[in-house]
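Chemist: Sending over a structure as structure tokens; questions will come in a sec.
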Amino acid sequence: MESLQNETNTAYEVKIAGVPLRLRSSQDETVVNELVELVDQKIYEALKLTRTGSIQNAAILAALNLAEEYLSLKRNTRKELDRLETMTERIVSGLEASQEVEKES
């Protein structure tokens, strides 16, 4: 992968599913490589499922698969944050109650 740097973004020459692309990213080369590998892998996985062998169809299917994973992670993260917030509120309430008891003693 080639990279050309400017003030905030770096241009990268990459190949995804054999298609050469020029990307600009504020991420470092390691992150860009990881992203490219993930997308490339998802496209080739989707390509196996397409009847036509079309890269375009595989790219769309890969995008849908990635979107599904993203939304699932986002929902699970929200649930976990809500759970932690509830737990934190209970702990704070318990601490406040114990401070009130100490003040009364």
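Chemist: Here's a check for you: in region 43-65, which residue that is hydrophobic (A, V, I, L, M, F, W, C) and surrounded by 15 or more Cβ atoms within 10 Å (Cβ to Cβ) is nearest to Val19 (Cα to Cα)?
Modeler: Result: Ile55.
Chemist: Any idea which of (1) in contact with a strand residue (DSSP E or B) (Cβ under 8 Å, 6 or more places away or on another chain); (2) part of a helix (DSSP H, G or I); (3) of a type in the set (Lys, Arg) is the one Arg78 doesn't satisfy?
Modeler: (1)
Chemist: If Val92 meets every condition in (1) surrounded by 10 or more Cβ atoms within 10 Å (Cβ to Cβ); (2) at pLDDT below 95 apart from one, which number is that one?
Modeler: (2)
The values are calculated or read from the model by the stated rules, or taken from the named source; none is laboratory data. Keep in mind that this is a model prediction, so the values were computed, not measured. Here the Cβ is made from the backbone with ideal geometry for all residues, glycine too, and neighbour counts use every protein chain on show.
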